[in-house]
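Peer 1: Starting off with a structure, shown below.
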Number of protein chains: 2
Amino acid sequence: MTLNSADSAFVARLADQLPEGVLRPADPRYLEEPRGRYQGQAGLLAVPHSTEEVATLVRAAHEARVPVVPYGGGTGLVGGQVMPEGPAPLLLSLEKMTAIRGVYPAENVLIAEAGAILADVQAAATEAGRLFPLSLAAEGSARIGGNLATNAGGVNVLRYGNARDLCLGLEAVLPNGDIWHGLSRLRKDNTGYDLRNLLVGSEGSLGVITAASLKLSPIPAAQGTAVFVVPSPQAAIALLSLARDQLGEGISAFELMHRQGLAFLAETMPQVRQPFAEAPEWCVLIELGLARGLDPEEALADLFEAALEADLAQDGVIAQSAAQREALWTVRETIPEANRLIGAISSHDISVPISEIPDFITRGGEAIARLGVGDMRINCFGHLGDGNLHYNVFPAAGKTRKEYEHLREDVKRTVHDLVADFDGSMSAEHGIGRMKTGDLERYGDPVKLAAMRAIKDALDPHGIMNPGAVLRQGT
Amino acid sequence: MTLNSADSAFVARLADQLPEGVLRPADPRYLEEPRGRYQGQAGLLAVPHSTEEVATLVRAAHEARVPVVPYGGGTGLVGGQVMPEGPAPLLLSLEKMTAIRGVYPAENVLIAEAGAILADVQAAATEAGRLFPLSLAAEGSARIGGNLATNAGGVNVLRYGNARDLCLGLEAVLPNGDIWHGLSRLRKDNTGYDLRNLLVGSEGSLGVITAASLKLSPIPAAQGTAVFVVPSPQAAIALLSLARDQLGEGISAFELMHRQGLAFLAETMPQVRQPFAEAPEWCVLIELGLARGLDPEEALADLFEAALEADLAQDGVIAQSAAQREALWTVRETIPEANRLIGAISSHDISVPISEIPDFITRGGEAIARLGVGDMRINCFGHLGDGNLHYNVFPAAGKTRKEYEHLREDVKRTVHDLVADFDGSMSAEHGIGRMKTGDLERYGDPVKLAAMRAIKDALDPHGIMNPGAVLRQGT
C-alpha cells in the first residue's frame with residue numbers, strides 16, 4: 001500500500017469542491033506534540049466547517065491515497081496527532097466545528113461537534129443544570145472529538161467511566177469518505193454491531209469523528225473533599241472498599257499520592273500549600289458527590305472515624321469550604337507539573353487489577369533497584385480507584401535525566417514487563433498513538449492484534465487513516 | 001460462500017479431538033424458540049467443557065465450512081438461536097461451562113464462564129457482598145454469554161447500563177477458531193480497538209463468547225419502591241427529572257404502566273393484587289436504591305409531595321415493607337405474561353429519545369387507528385427512564401389475534417416507520433436475530449450496514465458464525 005503526498009495536484013483537485021480558506025499550509029504548531037518526542041512532517045492543513053466538508057476531504061484522500069491525520073486539541077501524549085515520516089499528509093483539524101448542536105436536559109443528552117473544547121462541553125452541560133463528568137488536566141484545550149478518539153480517562157472515571165462510557169452515539173466520516181449518521185440520543189439500541197465503540201479509542205485510524213451524542217448526569221447536590229493519610233497502598237484499597245460500603249456510588253474520585261510527589265511539589269512549587277506539615281509516605285484524596293439529604297463533611301468524618309478504627313487511616317484533612325476543597329485538589333493536580341519540572345527518566349501510564357496494586361508497587365521498586373543504579377526515585381500516584389497509576393521514574397537528587405538517558409529503554413521495559421506479569425495495561429488512558437505500537441505488538445494478545453489488523457484493512461483498505469498510529473504500517 | 005452440513009464425516013473428523021459425550025444429536029428443545037416463530041433445523045449438538053474444546057469445534061467448522069449456531073439459555077425473542085434453513089449446523093451449547101472462575105470484591109469484579117445462568121451470577125455476587133445489576137425476566141434460564149452476545153437490557157439499565165456496560169473483558173473464540181484471551185479485570189485499558197464491545201451485541205455472528213469479566217457494584221444500603229399515578233406520559237418524564245434532581249443516581253428503575261396492561265392483568269390474572277382500586281390511565285413504578293443515611297420511604301414521600309405540588313402525580317402507593325415492594329414489582333413483571341395470555345397482534349421492542357415519548361404515544365395511537373380497524377387495543381409500557389417502550393397492539397375485546405393476522409405486517413410497519421421518524425430504534429433490547437434483519441436493512445444507516453458487512457467478512461470470511469443472524473446471508 002503506497003501512499004501519496006498531499007501535493008499541489010491534490011490541492012488543485014480539492015480546491016473547487018471546498019470554500020476558500022479550508023485548505024492552507026500547516027502552521028508549525030500542528031507539527032508538534034506536548035512531549036516533544038515527535039516532529040510532524042509538513043503537510044496540507046484543512047480546517048473544514050462541516051461534516052460534508054470533512055467527507056469531501058476524506059473521500060479525495062481515499063481516492064488519491066493520501067494519508068489523513070485527524071487533529072483535535074493536540075494534547076495527546078503518545079504522538080497520535082503527528083506523522084513524522086512518509087508522504088506529506090492531509091492534517092484535518094476540526095477546530096472550526098465547535099457547535100453544541102443540542103442540549104436535552106430531560107434526556108441527559110448533549111450533542112456536540114467534535115471540535116468543541118472539553119471545557120466548553122462541560123460548561124454547556126452546567127448551564128442546562130447537568131454534569132458532563134469527563135474531566136482531565138488538558139480540558140481547556142482538548143477537543144471532544146479527540147477525547148473520544150483516544151477514549152480519554154481523567155479523574156472521574158471511578159464514578160462515571162471513561163470517555164466511551166459517556167458517549168451515546170457518533171457522527172463520523174469513515175475512511176472511504178462516507179458519513180455515518182449515528183448521533184443517537186437513545187439509551188438502548190440493539191441494532192447491529194457497535195460501530196460507536198469501535199471508533200472510540202481507535203485514535204483516528206478507522207475514521208474521523210465529526211460529532212458526538214454525550215451522556216449527562218445529575219449534578220451531585222453537595223460535594224466534599226478530604227485527604228487521608230494511609231499506612232500502605234493495601235490500606236488505601238481497603239479504605240476504598242470501606243468507603244463504597246458506606247457511600248455507594250457517592251465516591252467520585254479516589255486518588256493515591258506518594259511522599260515523592262509531595263516532595264517534588266515542595267521543591268518545585270513551594271507556593272502550593274500542602275495538607276500536612278510533614279509529607280506522609282502514602283495518602284489518598286477522596287472526592288464525594290452526594291445526593292440531597294446527605295452532608296459530605298459529615299460523611300467524610302464518619303468515614304475517617306471508621307477508617308481510624310480499622311487502622312486504615314492515620315491522619316486526615318477534611319475540607320470545610322470550597323476554597324479548601326480546591327486547595328486539596330491543587331495539590332493533586334500540580335503533581336504532574338512538578339514531575340515535569342524535575343524531569344522523569346521514563347513515565348508510565350499503567351493499570352493493574354486493583355487488588356494487585358500493593359504487590360505491584362513492591363515488586364516495581366525492587367525491579368527498578370535491580371537495574372543497578374540504586375538511586376533512581378519513583379513517584380507512583382494516580383487513579384487508585386481505577387487501578388490506573390502514573391508510575392514515573394526520576395533521577396537521583398542532584399542528577400539530571402540526561403545522565404540516565406541510556407537506561408530509559410531498560411526502565412520502560414522493566415516496568416512494562418512487570419505490568420504484563422500482572423495482566424495489566426501499558427496504556428491505561430493515553431492510548432497507543434505512535435509511541436506504543438511496539439509495546440502493543442510485544443504485550444498485546446496476538447489474536448486481538450490479528451483481528452484489529454483485519455478490521456483496519458476492511459474499513460480502510462488503502463491505509464490512509466492516521467498511518468502508523470495504533471498499528472504500525474506494513475505489519 | 002457455500003456452507004456444508006455437519007455430517008457424519010464432520011463428526012468423524014472431530015471425534016478423536018474431543019472427549020466422549022461432547023457431540024450428540026440435537027434434542028428438539030434446541031430447535032425451538034420462545035415465540036414459536038422459527039423451527040431450527042436438526043443438526044449436530046456440541047456441549048464442550050472448556051474454551052479449548054470450543055476452539056477445536058469452531059476451528060473444525062471453519063475448515064469444513066460448517067455453520068455454527070451458538071446457544072445460550074435459548075430465551076432470545078428474535079430467533080437468533082435457531083437456524084431454520086441451510087445446511088445442518090453445529091449447535092454449540094455452553095451449558096457445561098458454568099464456572100464462576102473468580103470473584104474479586106475489592107475490585108468489584110467477577111469472572112464467569114459463558115454458560116453460567118444469570119441468576120447464578122447474581123447470587124455469586126451477592127455472596128461476595130456485591131451486586132451484579134443485570135436483571136431481566138428470563139434470568140433463571142438465560143446464560144451470561146447469551147446476555148452479552150445480545151447486549152441484554154432489563155429493569156436496571158437506567159442506573160447501571162446495558163449488559164455491555166457491565167462487561168470489562170471477554171474470552172472468546174473467533175470464527176477461525178483462535179482464542180482471544182481478553183478477560184481483563186482492568187477499569188482502564190486503552191490498547192487498541194474495542195474488540196469486547198464489537199463481540200457484545202453481535203449475537204454470535206462474530207465469534208463465541210466463552211467467559212466474561214463482569215463489573216459488580218456496591219449493594220445499595222436500602223431500597224424503596226412506589227407506584228405514582230401520573231396525569232400523562234409528559235408528566236412522567238418531568239417526574240423522572242424531578243426525581244433525579246432530588247435523588248441523583250439513587251433511582252434504579254422507572255417503569256411506565258398503562259391502564260390497558262392493568263386491565264389485561266385483572267382479566268387474566270385476577271389473583272395479582274393491584275395497587276389502585278380503579279386502574280389509572282398512566283402510572284410509574286419507581287425503585288430507589290440509596291446509600292447509608294437515607295431513608296427510601298421518606299425520600300419517596302418527599303418526592304411524592306413535590307410531585308403533587310407540581311401536578312406531576314395524582315395518587316401514589318409507597319411500599320412499607322419488603323412484601324409490599326415485591327407486590328408492586330409483581331404487577332410490573334406479570335404484565336408481559338398477561339399480554340401473552342391475551343395474545344398480541346404485533347409486539348414492538350422500541351426506543352425513542354426520552355423527551356419524544358409523549359408525542360410518540362399520541363402519534364402511535366393515531367397511526368394505528370388510521371389502519372382502518374379502529375378497535376385495536378394498545379398496551380404501551382416499559383422502561384421509561386431508558387426511552388424503551390414495549391409497544392404491543394392487541395385485538396379488540398372479544399376478538400382473537402387470528403382475525404387480525406392479515407394486519408400484522410401493516411401494524412409492525414406502521415409502528416416501526418413511526419419509530420424511524422423519531423430517530424428511534426426498532427430493537428431496543430432484544431436484538432436483530434433473524435426476525436429483524438429486514439428491518440435493519442430498511443431502517444438502518446446504510447453506511448453502518450456496509451461497515452458491519454465489511455467487519456463480518458473480515459473476521460468470518462466463510463460466513464460460518466450464526467449465518468442469517470444480524471446480517472442476512474448473501475447481502
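What follows draws every value from the coordinates through simple rules; no lab data is involved. Here the structure is a predicted model, which is why all the values come from computation and not from measurement. Positions of Cβ are generated from backbone atoms using ideal geometry, with glycine treated the same way; all protein chains shown enter the neighbour counts.
Peer 1: Taking the highest mean first, how do the peptides B:221-229, B:379-387, B:98-106 order by number of other beta carbon atoms within 10 angstrom per residue?
Peer 2: Values: B:221-229: 21.8, B:379-387: 25.8, B:98-106: 16.3.
Going from most to least packed, we get B:379-387, B:221-229, B:98-106.
Peer 1: While we're on this one: Can you work out the FRET efficiency for the pair A:Ala123 and A:Ala322, with r the C-beta to C-beta distance and R0 = 22 Å, to the nearest 0.05? Spell out each step's value before the answer.
Peer 2: Details: r = 18 Å, r/R0 = 0.81.
Result of the calculation: an efficiency of 0.75.
Peer 1: To one decimal in nm, how far is A:Glu305 from the same spot in the other copies, if labels go 7 Å from Cα toward Cβ? Please give the shortest first.
Peer 2: Result, one decimal in nm: 2.7.
Peer 1: How much length, in nm to one decimal, is gained on full extension between B:Thr330 and B:Asp295, taken as 0.36 nm per residue of separation minus their Cα-Cα distance?
Peer 2: On the way: separation 35, 0.36 × 35 = 12.60 nm, distance 2.28 nm.
Roughly 10.3 nm would be gained on extension.
Peer 1: Let me confirm one metric for peptide A:452-461, namely the mean number of other chain beta-carbon atoms within 10 Å of its residues' beta-carbons. List each step's numbers first, then the result.
Peer 2: Numbers: counts 5, 2, 9, 8, 2, 2, 8, 5, 1, 1.
Other-chain Cβ atoms within 10 Å of each residue's Cβ, averaged: 4.
Peer 1: Can I ask one more? Please sort A:19-25, A:348-354 by packing, taking for each peptide the average over its residues of neighbouring beta carbons within 10 angstrom, highest first. Show your work: numbers first, answer last.
Peer 2: Values: A:19-25: 12.6, A:348-354: 25.0.
Listed from highest to lowest mean packing, they are A:348-354, A:19-25.
Peer 1: Percent relative contact order of region A:100-218, based on C-alpha pairs within less than 8 angstrom and at least six residues apart?
Peer 2: 33
Peer 1: Would you mind giving the three semi-axes, in whole Å and largest first, of the ellipsoid equivalent to region B:100-218 according to its Cα gyration tensor?
Peer 2: On the way: eigenvalues 85, 51, 35 Å².
Rounded to whole Å, the semi-axes are 21, 16, 13.
Peer 1: Just from its helices, what would the mean residue ellipticity at 222 nm be for the protein assembly as shown, if runs of 4 or more DSSP H residues each count -39500 (n - 2.57) and the sum is divided by every residue, rounded to the nearest 500 deg cm²/dmol? Let's see the in-between values first.
Peer 2: On the way: 28 runs with 312 residues, N = 950.
Calculated from helices alone, the mean residue ellipticity at 222 nm is -10000 deg cm²/dmol.
Peer 1: Right, next: Say a label goes 7 Å from Cα toward Cβ at A:Glu278 in every copy; what distances in nm does this one have to the rest, shortest first?
Peer 2: Label point to label point, same position, other copies: 7.6 nm.
Peer 1: Considering only DSSP beta bridges whose two residues both sit in region B:49-152, what percent are antiparallel, to the nearest 5?
Peer 2: Roughly 55 percent of the DSSP beta bridges within region B:49-152 come out antiparallel.
Peer 1: What is the ratio of the Cα radius of gyration of region A:19-171 to 2.2 N^0.38 Å, where N is its residue count, to two decimals? Walk me through the numbers before you get to the answer.
Peer 2: Working: Rg = 16.1 Å, N = 153, 2.2 N^0.38 = 14.9 Å.
Dividing the Cα radius of gyration by 2.2 N^0.38 Å gives 1.08.
Peer 1: Right, another one. Stokes-Einstein D for region A:388-437 at 10 °C, 1.306 mPa s, Kirkwood Rh over Cα pairs, in µm²/s?
Peer 2: Details: Rh = 12.4 Å.
The estimated diffusion coefficient comes to 128 µm²/s.
Peer 1: Provide the per-residue ³J(HN,Hα) series for region B:444-454, in order, calculated from phi with Karplus coefficients 6.51, -1.76, 1.60 and θ = phi - 60°, each as a whole number of Hz, with x at glycine and proline positions.
Peer 2: For region B:444-454, the Karplus-derived couplings read x, 5, x, 5, 5, 4, 5, 5, 4, 4, 4 Hz, x marking Gly and Pro.
Peer 1: In the neighborhood of B:Ala253, defined by Cβ-to-Cβ distances under 10 Å, what is the net charge if each Lys or Arg adds +1 and each Asp or Glu adds -1? If you can, show how the numbers build up before the last one.
Peer 2: On the way: positive: B:Arg159, B:Arg332; negative: B:Glu255, B:Glu287, B:Asp386.
That works out to -1.
Peer 1: Return B:Ser347, A:Ser8 ranked ascending by Cβ neighbour count within 10 Å, so the fewest neighbours appear first. Mind showing how you got there, number by number?
Peer 2: Details: B:Ser347 21, A:Ser8 10.
Going from sparsest to densest Cβ surroundings: A:Ser8, B:Ser347.
Peer 1: While we're here: What is the calculated FRET efficiency for A:Ser141 to A:Arg472, with r their C-beta to C-beta distance and R₀ = 30 Å, to the nearest 0.05? Provide the component values of the computation, followed by the final result.
Peer 2: Details: r = 28 Å, r/R0 = 0.95.
Between A:Ser141 and A:Arg472 the formula returns 0.60.
Peer 1: Same structure, new question: From other protein chains only, count the Cβ atoms within 10 Å of every residue's Cβ in A:239-248, then give the mean.
Peer 2: Values: counts 0, 3, 6, 0, 1, 8, 6, 5, 5, 13.
The per-residue average across the peptide is 5.
Peer 1: I want to check the label-to-label distance for A:Arg37 and B:Ala397. Put each point 7 Å from Cα in the C-beta direction and report it in nm to one decimal.
Peer 2: So the label points at A:Arg37 and B:Ala397 sit 7.3 nm apart.
Peer 1: Next question, about the same structure. If you average over every viewing direction, what projected area does the convex hull of the Cα atoms of chain B give, in nm²? All intermediate terms of the calculation are to be shown ahead of the outcome.
Peer 2: Values: hull surface 91.5 nm².
Hull-based average projected area comes out at 22.9 nm².
Peer 1: Within 15 Å, Cβ to Cβ, of A:Glu107, how many net charges do the neighbouring residues add up to if Lys/Arg are +1 and Asp/Glu are -1? If you can, show how the numbers build up before the last one.
Peer 2: Working: positive: A:Arg101, A:Arg130, A:Arg185, A:Arg187, A:Lys188, A:Lys215, B:Arg244; negative: A:Asp189, B:Asp245, B:Glu356, B:Asp359, B:Asp386, B:Asp423.
Here the charged neighbours net out to +1.
Peer 1: Right, next: Can you give the alpha-carbon Rg of region A:33-94 over 2.2 N^0.38 Å, where N counts its residues? Don't skip to the end; give the middle numbers.
Peer 2: Values: Rg = 11.9 Å, N = 62, 2.2 N^0.38 = 10.6 Å.
Against the empirical 2.2 N^0.38 Å value, I get 1.12 for region A:33-94.
Peer 1: Neighbouring Cβ atoms within 10 Å as the yardstick, rank B:Met269, A:Met83, A:Met376 fewest first.
Peer 2: Working: B:Met269 15, A:Met83 24, A:Met376 20.
Taking fewest neighbouring Cβ atoms as first place, the list is B:Met269, A:Met376, A:Met83.
Peer 1: Still on this structure: Quick check: Cα centre of region B:1-67 to Cα centre of region B:140-170, how many Å?
Peer 2: Rounded to whole Å, the Cα centres lie 26 Å apart.
Peer 1: Give me the net charge for the shell around B:Asp359: Cβ to Cβ below 13 angstrom, other residues only, Lys and Arg +1, Asp and Glu -1. Before the final figure, lay out the partial values.
Peer 2: Numbers: positive: B:Arg363; negative: B:Glu356, B:Glu366, B:Asp421, B:Asp423.
Counting the neighbours of B:Asp359, the net charge comes to -3.
Peer 1: Using Cα pairs under 8 angstrom and six or more residues apart, how large is the relative contact order of chain A, in percent?
Peer 2: Working: 989 pairs, mean separation 74.5, N = 475.
The value is 16 percent.
Peer 1: Taking the alpha carbon gyration tensor of the protein assembly as shown, what are the square roots of 5 times its eigenvalues, largest first, to the nearest whole Å? Don't skip to the answer; put the middle values down first.
Peer 2: Numbers: eigenvalues 372, 250, 166 Å².
Working from the Cα gyration tensor, I get semi-axes of 43, 35, 29 Å.
Peer 1: Now for a different question. Sort shortest first the distances from A:Ser8 to its counterpart in every other copy, using label points 7 Å along the Cα-to-beta-carbon line, and give them in nm.
Peer 2: Counterpart label points of A:Ser8 in the remaining copies fall at 7.6 nm.
Peer 1: Work out the mean other chain Cβ neighbour count within 10 Å for the residues of B:421-434 and drop it here as an integer. Each step should come with its number before you reach the end.
Peer 2: Working: counts 0, 2, 6, 4, 7, 3, 5, 6, 3, 1, 3, 4, 1, 0.
Mean partner-chain Cβ count within 10 Å for B:421-434: 3.
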